1. If I take every Cα pair under 8 Å that is 6 or more residues apart in the range 216-374, average their sequence separation and divide by the length, what percent do I get for the relative contact order?
2. Per-residue counts of other Cβ atoms within 10 Å, averaged by peptide: what ranking do you get for 32-45, 291-304, 373-386, highest first?
3. What residue among G211, G107, G143 has the largest mean-square fluctuation in a Gaussian network model of the chain, using Cα springs under 10 Å?
4. Suppose the chain between D421 and E202 were pulled fully straight at 0.36 nm per residue; how much longer would it get relative to their current alpha carbon spacing?
5. Which percent of Cα pairs goes in each bin when the distances of the range 282-357 are cut into 5 angstrom slices starting at zero?
6. Count charges around I215 for me, please; just the other residues with Cβ under 13 Å from its Cβ, Lys/Arg as +1, Asp/Glu as -1.
7. Using the beta-carbon distance between K69 and H387 and R0 = 30 Å, what value does 1/(1 + (r/R0)^6) give for FRET efficiency, to the nearest 0.05?
8. Hey, what number do you get for the chain at 222 nm if only DSSP H runs of n ≥ 4 count, each worth -39500 (n - 2.57), divided across all residues, to the nearest 500?
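The values are calculated or read from the model by the stated rules, or taken from the named source; none is laboratory data. Since the model is a prediction, treat every value here as computed from it, not as a measurement. When we count neighbours, we look across all protein chains shown, and the Cβ atoms used for this are built from the backbone with ideal geometry, even at glycine. To get the accessible areas, we keep the full protein, side chains included, count just its heavy atoms, and leave off ligands, DNA and RNA. Shrake-Rupley method; radii C 1.70, N 1.55, O 1.52, S 1.80 Å.
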Amino acid sequence: MDVIRIEGGHPISGEVTVEGAKNSALKLMAATLMASGTTTLTNVPNISDVHTMGKVLKRLGATIEVVNKHELRIDTSSVDRWETPYELVAKMRASTAVLGPLLARFGRAVVAMPGGCQIGARKIDLHILGLEALGVQFEFKHGYIYASAPNGITGTVVTLDFASVGATENLMMASVHAKGTTVIDNAAREPEIVDLANLLNEMGAHVRGAGSPLIEIEGVPELHPVTHSVVGDRIEAATFLAIGGLTGGPVRVRGFEPIHLGLVLKKFELMGIEIERGAHEATASRKGPLRPVDIQTLPYPGFPTDVQAQAMCLLSVADGSCIVTENVFENRFMFASELDRMGADITIEGHHAIVHGVPQLSGAQVKAPDLRGGAALAMAGLVADGHTTISDIHHIDRGYEGFVEKLKSLGASIERLTVPDEDLLDSE
Ligand code: UD1
(Lines give C-alpha, C1' and ligand atoms only; values in the text may rest on other atoms or scores of the structure.)
Protein backbone atom coordinates (compact mmCIF):
# COMPACT_ATOMS: atom_id res chain seq x y z
CA MET A 1 0.00 0.00 0.00
CA ASP A 2 1.06 3.58 -0.64
CA VAL A 3 1.72 5.84 2.32
CA ILE A 4 2.98 9.39 2.82
CA ARG A 5 5.78 9.81 5.32
CA ILE A 6 6.64 13.24 6.70
CA GLU A 7 9.33 14.44 9.04
CA GLY A 8 7.98 17.45 10.91
CA GLY A 9 9.73 20.68 11.76
CA HIS A 10 11.28 21.67 8.43
CA PRO A 11 10.75 25.31 7.43
CA ILE A 12 8.02 25.74 4.82
CA SER A 13 7.90 28.62 2.35
CA GLY A 14 7.64 29.37 -1.35
CA GLU A 15 5.05 29.35 -4.06
CA VAL A 16 2.51 26.88 -5.45
CA THR A 17 -0.01 27.14 -8.27
CA VAL A 18 -3.33 25.40 -7.73
CA GLU A 19 -5.06 23.32 -10.40
CA GLY A 20 -8.55 23.74 -11.80
CA ALA A 21 -11.33 22.99 -9.29
CA LYS A 22 -12.19 19.31 -8.90
CA ASN A 23 -15.80 20.12 -8.04
CA SER A 24 -16.18 22.20 -11.17
CA ALA A 25 -14.27 19.98 -13.61
CA LEU A 26 -16.41 16.92 -12.77
CA LYS A 27 -19.68 18.74 -13.56
CA LEU A 28 -18.28 20.44 -16.66
CA MET A 29 -17.23 17.01 -17.94
CA ALA A 30 -20.80 15.75 -17.37
CA ALA A 31 -22.19 18.84 -19.14
CA THR A 32 -20.25 18.02 -22.33
CA LEU A 33 -22.82 15.23 -22.86
CA MET A 34 -25.38 17.86 -23.81
CA ALA A 35 -23.49 19.36 -26.76
CA SER A 36 -22.91 16.72 -29.41
CA GLY A 37 -19.37 17.12 -30.80
CA THR A 38 -15.99 17.88 -29.20
CA THR A 39 -15.85 20.17 -26.19
CA THR A 40 -12.38 21.10 -24.94
CA LEU A 41 -11.87 21.68 -21.23
CA THR A 42 -8.59 23.25 -20.14
CA ASN A 43 -7.09 23.63 -16.64
CA VAL A 44 -8.56 20.22 -15.68
CA PRO A 45 -6.83 18.71 -12.61
CA ASN A 46 -5.07 15.39 -13.19
CA ILE A 47 -6.64 13.57 -10.22
CA SER A 48 -8.34 10.22 -9.76
CA ASP A 49 -11.90 11.65 -9.52
CA VAL A 50 -11.44 13.17 -13.00
CA HIS A 51 -10.25 9.77 -14.27
CA THR A 52 -13.40 8.19 -12.79
CA MET A 53 -15.66 10.75 -14.51
CA GLY A 54 -13.73 10.03 -17.73
CA LYS A 55 -14.66 6.36 -17.34
CA VAL A 56 -18.31 7.29 -16.81
CA LEU A 57 -18.35 9.31 -20.05
CA LYS A 58 -16.57 6.55 -21.98
CA ARG A 59 -19.13 4.00 -20.76
CA LEU A 60 -21.81 6.22 -22.30
CA GLY A 61 -19.96 6.22 -25.65
CA ALA A 62 -17.79 9.37 -25.48
CA THR A 63 -14.14 9.42 -26.51
CA ILE A 64 -11.59 11.51 -24.62
CA GLU A 65 -8.24 12.78 -25.77
CA VAL A 66 -5.91 14.08 -23.05
CA VAL A 67 -3.45 16.79 -24.13
CA ASN A 68 -0.59 17.83 -21.82
CA LYS A 69 -2.28 16.22 -18.79
CA HIS A 70 -4.66 19.17 -18.22
CA GLU A 71 -6.64 19.52 -21.42
CA LEU A 72 -9.50 17.15 -22.19
CA ARG A 73 -11.04 16.97 -25.63
CA ILE A 74 -14.30 15.17 -25.07
CA ASP A 75 -16.16 13.98 -28.16
CA THR A 76 -19.75 13.16 -27.27
CA SER A 77 -21.11 12.77 -30.80
CA SER A 78 -21.28 8.95 -30.51
CA VAL A 79 -22.87 8.88 -27.06
CA ASP A 80 -25.75 6.42 -27.41
CA ARG A 81 -26.13 4.99 -23.88
CA TRP A 82 -27.65 6.50 -20.76
CA GLU A 83 -26.71 4.04 -18.02
CA THR A 84 -24.09 4.66 -15.31
CA PRO A 85 -23.07 1.48 -13.50
CA TYR A 86 -22.81 0.93 -9.77
CA GLU A 87 -19.05 0.32 -9.71
CA LEU A 88 -18.41 3.89 -10.92
CA VAL A 89 -21.09 5.60 -8.79
CA ALA A 90 -19.84 3.67 -5.75
CA LYS A 91 -16.32 4.95 -6.43
CA MET A 92 -17.43 8.54 -6.83
CA ARG A 93 -20.84 9.95 -5.90
CA ALA A 94 -20.34 12.90 -8.26
CA SER A 95 -21.03 10.40 -11.10
CA THR A 96 -24.68 11.22 -10.41
CA ALA A 97 -23.99 14.56 -12.13
CA VAL A 98 -24.73 12.82 -15.46
CA LEU A 99 -28.40 12.45 -14.48
CA GLY A 100 -29.35 15.99 -15.57
CA PRO A 101 -27.34 15.99 -18.83
CA LEU A 102 -28.64 12.55 -19.90
CA LEU A 103 -32.22 13.65 -19.23
CA ALA A 104 -31.61 16.81 -21.26
CA ARG A 105 -30.10 14.89 -24.19
CA PHE A 106 -32.11 11.66 -24.26
CA GLY A 107 -35.11 12.31 -22.02
CA ARG A 108 -34.00 9.36 -19.94
CA ALA A 109 -31.20 8.13 -17.66
CA VAL A 110 -30.36 5.09 -15.58
CA VAL A 111 -27.99 5.85 -12.71
CA ALA A 112 -26.98 3.53 -9.87
CA MET A 113 -28.22 4.74 -6.48
CA PRO A 114 -25.33 6.10 -4.46
CA GLY A 115 -25.13 4.39 -1.09
CA GLY A 116 -23.96 6.06 2.11
CA CYS A 117 -20.40 7.25 2.20
CA GLN A 118 -17.87 8.02 4.88
CA ILE A 119 -19.10 11.57 5.36
CA GLY A 120 -22.72 10.66 5.91
CA ALA A 121 -25.87 9.57 4.14
CA ARG A 122 -25.53 12.18 1.35
CA LYS A 123 -29.03 11.66 0.03
CA ILE A 124 -30.23 12.70 -3.42
CA ASP A 125 -33.88 13.28 -2.54
CA LEU A 126 -33.63 16.97 -3.46
CA HIS A 127 -32.38 16.05 -6.95
CA ILE A 128 -35.33 13.67 -7.36
CA LEU A 129 -38.01 16.05 -5.98
CA GLY A 130 -36.74 18.90 -8.16
CA LEU A 131 -36.61 16.80 -11.31
CA GLU A 132 -40.10 15.41 -10.59
CA ALA A 133 -41.41 18.97 -10.51
CA LEU A 134 -39.96 19.38 -14.03
CA GLY A 135 -41.90 16.35 -15.26
CA VAL A 136 -39.33 13.58 -14.79
CA GLN A 137 -40.73 10.23 -13.66
CA PHE A 138 -38.69 7.88 -11.47
CA GLU A 139 -38.62 4.20 -10.75
CA PHE A 140 -36.25 2.70 -8.22
CA LYS A 141 -35.38 -0.95 -8.68
CA HIS A 142 -32.43 -3.29 -8.21
CA GLY A 143 -30.28 -0.45 -6.81
CA TYR A 144 -30.79 1.76 -9.86
CA ILE A 145 -32.70 4.97 -10.52
CA TYR A 146 -34.66 4.82 -13.78
CA ALA A 147 -35.53 8.36 -14.86
CA SER A 148 -37.58 9.30 -17.89
CA ALA A 149 -39.47 12.30 -19.17
CA PRO A 150 -42.09 10.82 -21.53
CA ASN A 151 -43.81 14.18 -21.94
CA GLY A 152 -40.60 16.22 -22.07
CA ILE A 153 -39.17 18.49 -19.39
CA THR A 154 -41.27 21.55 -18.57
CA GLY A 155 -40.02 24.64 -16.80
CA THR A 156 -41.46 25.50 -13.39
CA VAL A 157 -40.37 26.98 -10.05
CA VAL A 158 -38.41 24.53 -7.91
CA THR A 159 -37.76 25.57 -4.32
CA LEU A 160 -34.97 23.56 -2.74
CA ASP A 161 -35.24 22.68 0.98
CA PHE A 162 -31.49 23.16 1.26
CA ALA A 163 -29.04 24.88 -1.11
CA SER A 164 -27.59 21.60 -2.36
CA VAL A 165 -24.70 21.93 -4.80
CA GLY A 166 -25.40 18.66 -6.63
CA ALA A 167 -29.17 19.22 -6.86
CA THR A 168 -28.72 22.77 -8.19
CA GLU A 169 -26.33 21.48 -10.85
CA ASN A 170 -28.52 18.56 -11.94
CA LEU A 171 -31.59 20.82 -12.15
CA MET A 172 -29.71 23.48 -14.08
CA MET A 173 -28.51 20.91 -16.62
CA ALA A 174 -31.78 18.98 -16.92
CA SER A 175 -33.74 22.17 -17.66
CA VAL A 176 -31.48 23.54 -20.38
CA HIS A 177 -33.86 22.30 -23.13
CA ALA A 178 -37.07 22.52 -21.05
CA LYS A 179 -40.26 24.00 -22.44
CA GLY A 180 -40.51 27.49 -20.93
CA THR A 181 -38.57 28.85 -17.98
CA THR A 182 -37.27 27.00 -14.93
CA VAL A 183 -36.54 28.86 -11.71
CA ILE A 184 -34.35 27.27 -9.03
CA ASP A 185 -35.15 28.99 -5.75
CA ASN A 186 -32.73 28.62 -2.80
CA ALA A 187 -30.08 27.51 -5.30
CA ALA A 188 -26.51 26.81 -4.20
CA ARG A 189 -24.22 29.78 -4.88
CA GLU A 190 -20.77 28.14 -5.04
CA PRO A 191 -18.26 29.51 -7.60
CA GLU A 192 -18.36 26.06 -9.26
CA ILE A 193 -22.09 26.60 -9.98
CA VAL A 194 -21.19 29.86 -11.70
CA ASP A 195 -18.49 28.07 -13.71
CA LEU A 196 -21.04 25.49 -14.87
CA ALA A 197 -23.57 28.20 -15.80
CA ASN A 198 -20.84 30.01 -17.75
CA LEU A 199 -20.03 26.85 -19.71
CA LEU A 200 -23.72 26.23 -20.45
CA ASN A 201 -24.19 29.82 -21.64
CA GLU A 202 -21.09 29.59 -23.85
CA MET A 203 -22.70 26.47 -25.35
CA GLY A 204 -25.84 28.48 -26.16
CA ALA A 205 -27.99 27.97 -23.04
CA HIS A 206 -29.87 30.82 -21.36
CA VAL A 207 -28.99 30.66 -17.65
CA ARG A 208 -29.30 33.80 -15.53
CA GLY A 209 -28.60 34.46 -11.87
CA ALA A 210 -26.01 31.73 -11.13
CA GLY A 211 -24.14 32.77 -7.99
CA SER A 212 -27.38 34.10 -6.46
CA PRO A 213 -30.10 32.05 -4.70
CA LEU A 214 -32.41 32.43 -7.72
CA ILE A 215 -31.34 30.85 -11.00
CA GLU A 216 -33.49 31.18 -14.10
CA ILE A 217 -33.09 28.86 -17.07
CA GLU A 218 -34.94 29.54 -20.29
CA GLY A 219 -35.11 26.42 -22.45
CA VAL A 220 -33.24 26.48 -25.79
CA PRO A 221 -33.45 23.78 -28.48
CA GLU A 222 -29.75 22.97 -28.82
CA LEU A 223 -26.28 23.39 -27.33
CA HIS A 224 -23.02 23.46 -29.27
CA PRO A 225 -19.50 22.37 -28.21
CA VAL A 226 -17.02 25.01 -26.99
CA THR A 227 -13.62 25.44 -25.32
CA HIS A 228 -13.70 26.39 -21.63
CA SER A 229 -11.13 26.77 -18.85
CA VAL A 230 -11.99 25.35 -15.39
CA VAL A 231 -12.10 27.88 -12.52
CA GLY A 232 -9.16 27.66 -10.05
CA ASP A 233 -9.56 25.33 -7.06
CA ARG A 234 -10.43 27.50 -4.03
CA ILE A 235 -10.28 24.47 -1.72
CA GLU A 236 -6.77 23.48 -2.81
CA ALA A 237 -5.82 27.16 -2.41
CA ALA A 238 -7.28 27.24 1.11
CA THR A 239 -5.31 24.09 1.97
CA PHE A 240 -1.96 25.62 0.95
CA LEU A 241 -2.78 28.96 2.61
CA ALA A 242 -3.61 27.04 5.80
CA ILE A 243 -0.23 25.33 5.47
CA GLY A 244 1.42 28.78 5.23
CA GLY A 245 -0.50 29.89 8.32
CA LEU A 246 0.34 26.75 10.29
CA THR A 247 4.05 26.70 9.55
CA GLY A 248 4.59 30.47 9.41
CA GLY A 249 5.31 30.43 5.67
CA PRO A 250 5.24 32.65 3.74
CA VAL A 251 3.36 30.51 1.21
CA ARG A 252 2.19 32.24 -1.96
CA VAL A 253 -0.70 30.50 -3.72
CA ARG A 254 -1.52 31.35 -7.32
CA GLY A 255 -4.22 30.38 -9.80
CA PHE A 256 -7.45 31.13 -7.90
CA GLU A 257 -9.69 34.06 -6.94
CA PRO A 258 -9.22 35.23 -3.30
CA ILE A 259 -12.82 36.53 -3.38
CA HIS A 260 -13.95 32.87 -3.54
CA LEU A 261 -12.41 32.40 -0.08
CA GLY A 262 -13.90 35.51 1.54
CA LEU A 263 -14.90 34.06 4.91
CA VAL A 264 -12.05 31.52 4.99
CA LEU A 265 -9.43 34.25 4.67
CA LYS A 266 -11.23 36.38 7.27
CA LYS A 267 -11.22 33.47 9.76
CA PHE A 268 -7.54 32.79 9.00
CA GLU A 269 -6.80 36.46 9.76
CA LEU A 270 -8.72 36.25 13.04
CA MET A 271 -6.50 33.28 13.90
CA GLY A 272 -3.47 35.55 13.55
CA ILE A 273 -2.46 34.58 10.02
CA GLU A 274 -1.39 37.42 7.74
CA ILE A 275 -3.06 37.23 4.33
CA GLU A 276 -1.91 39.33 1.43
CA ARG A 277 -4.45 39.29 -1.39
CA GLY A 278 -3.41 39.83 -5.00
CA ALA A 279 -4.83 39.28 -8.48
CA HIS A 280 -5.58 35.53 -8.79
CA GLU A 281 -3.33 34.81 -5.79
CA ALA A 282 -2.81 35.25 -2.05
CA THR A 283 0.07 34.80 0.39
CA ALA A 284 -0.21 33.44 3.95
CA SER A 285 2.37 33.97 6.71
CA ARG A 286 2.41 34.18 10.48
CA LYS A 287 4.70 35.58 13.15
CA GLY A 288 2.66 35.49 16.40
CA PRO A 289 0.79 32.58 18.02
CA LEU A 290 -2.33 31.03 16.44
CA ARG A 291 -5.50 32.27 18.13
CA PRO A 292 -8.68 30.20 18.71
CA VAL A 293 -11.67 31.18 16.54
CA ASP A 294 -15.13 29.55 16.40
CA ILE A 295 -16.14 28.26 12.99
CA GLN A 296 -19.37 26.90 11.58
CA THR A 297 -19.65 25.39 8.13
CA LEU A 298 -22.46 26.57 5.84
CA PRO A 299 -23.20 26.61 2.12
CA TYR A 300 -21.32 29.28 0.15
CA PRO A 301 -20.59 32.09 0.94
CA GLY A 302 -20.44 30.52 4.41
CA PHE A 303 -17.36 28.67 5.66
CA PRO A 304 -16.88 25.62 3.37
CA THR A 305 -17.19 22.18 4.89
CA ASP A 306 -14.32 21.23 2.56
CA VAL A 307 -11.96 23.46 4.61
CA GLN A 308 -13.24 22.36 8.02
CA ALA A 309 -10.49 19.77 8.64
CA GLN A 310 -7.68 22.12 7.57
CA ALA A 311 -9.09 24.83 9.88
CA MET A 312 -9.37 22.33 12.74
CA CYS A 313 -5.73 21.42 12.24
CA LEU A 314 -4.77 25.10 12.68
CA LEU A 315 -7.01 25.42 15.76
CA SER A 316 -5.58 22.26 17.33
CA VAL A 317 -2.34 24.15 18.05
CA ALA A 318 -3.95 27.53 18.82
CA ASP A 319 -3.45 29.35 22.08
CA GLY A 320 -6.84 28.50 23.70
CA SER A 321 -10.14 26.72 23.04
CA CYS A 322 -12.92 27.08 20.46
CA ILE A 323 -15.83 25.29 18.81
CA VAL A 324 -16.08 24.02 15.26
CA THR A 325 -19.64 23.28 14.13
CA GLU A 326 -20.33 21.12 11.07
CA ASN A 327 -23.71 21.98 9.55
CA VAL A 328 -23.40 20.51 6.05
CA PHE A 329 -22.45 16.86 6.48
CA GLU A 330 -22.91 14.34 9.26
CA ASN A 331 -19.89 12.20 10.21
CA ARG A 332 -17.38 14.74 9.03
CA PHE A 333 -15.28 14.71 12.20
CA MET A 334 -13.46 11.43 11.60
CA PHE A 335 -10.34 13.49 11.02
CA ALA A 336 -10.49 14.73 14.63
CA SER A 337 -9.92 11.30 16.14
CA GLU A 338 -6.89 10.77 13.91
CA LEU A 339 -5.56 14.18 14.94
CA ASP A 340 -6.11 13.24 18.60
CA ARG A 341 -3.72 10.33 17.96
CA MET A 342 -1.15 13.02 17.12
CA GLY A 343 -1.65 14.67 20.51
CA ALA A 344 -4.51 17.07 19.71
CA ASP A 345 -7.26 17.62 22.30
CA ILE A 346 -10.57 17.56 20.41
CA THR A 347 -13.89 16.33 21.82
CA ILE A 348 -16.87 15.68 19.56
CA GLU A 349 -20.40 16.49 20.82
CA GLY A 350 -22.87 15.77 18.03
CA HIS A 351 -22.08 18.16 15.21
CA HIS A 352 -19.81 20.31 17.40
CA ALA A 353 -16.10 19.76 17.98
CA ILE A 354 -14.58 21.35 21.07
CA VAL A 355 -10.96 22.07 20.25
CA HIS A 356 -8.51 22.80 23.07
CA GLY A 357 -5.24 24.00 21.57
CA VAL A 358 -2.07 22.10 22.52
CA PRO A 359 1.47 23.49 22.26
CA GLN A 360 2.84 20.70 20.05
CA LEU A 361 1.56 17.79 17.94
CA SER A 362 3.43 14.55 17.91
CA GLY A 363 4.13 12.47 14.78
CA ALA A 364 2.17 9.21 14.58
CA GLN A 365 0.84 6.59 12.23
CA VAL A 366 -2.58 7.77 11.03
CA LYS A 367 -5.17 6.97 8.37
CA ALA A 368 -6.62 9.48 5.90
CA PRO A 369 -10.34 9.30 6.71
CA ASP A 370 -11.42 11.19 3.58
CA LEU A 371 -10.06 13.62 1.02
CA ARG A 372 -9.79 16.84 3.04
CA GLY A 373 -9.08 15.04 6.32
CA GLY A 374 -6.16 13.31 4.58
CA ALA A 375 -4.68 16.63 3.43
CA ALA A 376 -5.14 18.08 6.92
CA LEU A 377 -3.24 15.15 8.46
CA ALA A 378 -0.33 15.91 6.13
CA MET A 379 -0.53 19.54 7.33
CA ALA A 380 -0.33 18.34 10.92
CA GLY A 381 2.67 16.16 10.04
CA LEU A 382 4.58 19.23 8.85
CA VAL A 383 4.63 20.73 12.36
CA ALA A 384 4.51 17.55 14.45
CA ASP A 385 7.43 16.29 16.40
CA GLY A 386 9.13 13.37 14.58
CA HIS A 387 7.66 11.23 11.81
CA THR A 388 4.05 10.96 10.63
CA THR A 389 2.95 8.15 8.32
CA ILE A 390 -0.41 8.52 6.57
CA SER A 391 -2.10 5.49 5.03
CA ASP A 392 -5.25 5.31 2.85
CA ILE A 393 -3.84 8.13 0.76
CA HIS A 394 -6.00 7.17 -2.24
CA HIS A 395 -8.42 9.66 -0.63
CA ILE A 396 -5.87 12.45 -1.13
CA ASP A 397 -5.26 11.35 -4.75
CA ARG A 398 -8.97 11.87 -5.47
CA GLY A 399 -8.64 15.64 -5.20
CA TYR A 400 -5.03 16.88 -4.97
CA GLU A 401 -2.71 16.70 -7.95
CA GLY A 402 0.98 16.36 -7.09
CA PHE A 403 0.33 16.99 -3.39
CA VAL A 404 3.61 15.45 -2.20
CA GLU A 405 5.64 17.20 -4.93
CA LYS A 406 4.06 20.57 -4.15
CA LEU A 407 4.82 20.20 -0.42
CA LYS A 408 8.36 19.10 -1.23
CA SER A 409 8.83 22.21 -3.36
CA LEU A 410 7.86 24.28 -0.28
CA GLY A 411 10.64 22.63 1.75
CA ALA A 412 8.77 19.74 3.40
CA SER A 413 10.59 16.54 4.19
CA ILE A 414 7.95 14.28 2.68
CA GLU A 415 7.86 11.17 0.54
CA ARG A 416 5.40 8.76 -0.93
CA LEU A 417 6.33 5.15 -0.34
CA THR A 418 4.94 1.78 -1.24
CA VAL A 419 5.13 -0.47 1.80
CA PRO A 420 3.88 -3.99 2.42
CA ASP A 421 0.90 -3.88 4.83
CA GLU A 422 2.74 -5.76 7.60
CA ASP A 423 5.63 -3.21 7.56
CA LEU A 424 3.20 -0.45 8.31
CA LEU A 425 1.80 -2.32 11.28
CA ASP A 426 5.29 -2.98 12.63
CA SER A 427 6.65 0.54 12.30
CA GLU A 428 6.51 3.01 15.15
C1 UD1 B 1 -20.57 19.09 -3.19
C2 UD1 B 1 -19.07 18.93 -3.29
C3 UD1 B 1 -18.47 18.65 -1.90
C4 UD1 B 1 -18.89 19.73 -0.93
C5 UD1 B 1 -20.41 19.88 -0.91
C6 UD1 B 1 -20.88 21.03 -0.04
C7 UD1 B 1 -18.76 17.99 -5.48
C8 UD1 B 1 -18.31 16.83 -6.28
N9 UD1 B 1 -18.76 17.83 -4.16
O10 UD1 B 1 -21.12 17.84 -2.76
O11 UD1 B 1 -17.05 18.64 -2.03
O12 UD1 B 1 -18.46 19.36 0.37
O13 UD1 B 1 -20.88 20.14 -2.27
O14 UD1 B 1 -20.27 22.19 -0.39
O15 UD1 B 1 -19.07 19.03 -6.00
N16 UD1 B 1 -28.50 16.57 0.70
C17 UD1 B 1 -29.73 15.96 0.90
N18 UD1 B 1 -30.47 15.64 -0.20
C19 UD1 B 1 -30.04 15.90 -1.48
C20 UD1 B 1 -28.80 16.53 -1.67
C21 UD1 B 1 -28.03 16.87 -0.55
O22 UD1 B 1 -30.14 15.72 2.02
O23 UD1 B 1 -30.77 15.56 -2.43
C24 UD1 B 1 -27.65 16.88 1.87
C25 UD1 B 1 -26.39 16.03 1.86
O26 UD1 B 1 -26.61 14.78 2.46
C27 UD1 B 1 -25.43 16.91 2.62
C28 UD1 B 1 -25.86 18.33 2.26
O29 UD1 B 1 -27.20 18.21 1.76
O30 UD1 B 1 -25.62 16.71 4.00
C31 UD1 B 1 -24.98 19.01 1.24
O32 UD1 B 1 -24.98 18.30 0.05
P33 UD1 B 1 -24.67 18.96 -1.38
O34 UD1 B 1 -24.59 20.45 -1.27
O35 UD1 B 1 -25.61 18.39 -2.36
O36 UD1 B 1 -23.21 18.43 -1.65
P37 UD1 B 1 -22.68 17.56 -2.86
O38 UD1 B 1 -23.19 18.15 -4.15
O39 UD1 B 1 -22.89 16.12 -2.60
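1. 17
2. Result, highest mean first: 373-386, 32-45, 291-304.
3. G143
4. Between D421 and E202, full extension yields 73.9 nm more.
5. 3, 16, 28, 25, 16, 9, 2, 0
6. So the environment of I215 carries a net charge of -3.
7. For R0 = 30 Å, the calculated efficiency reads 0.45.
8. -9500 deg cm²/dmol
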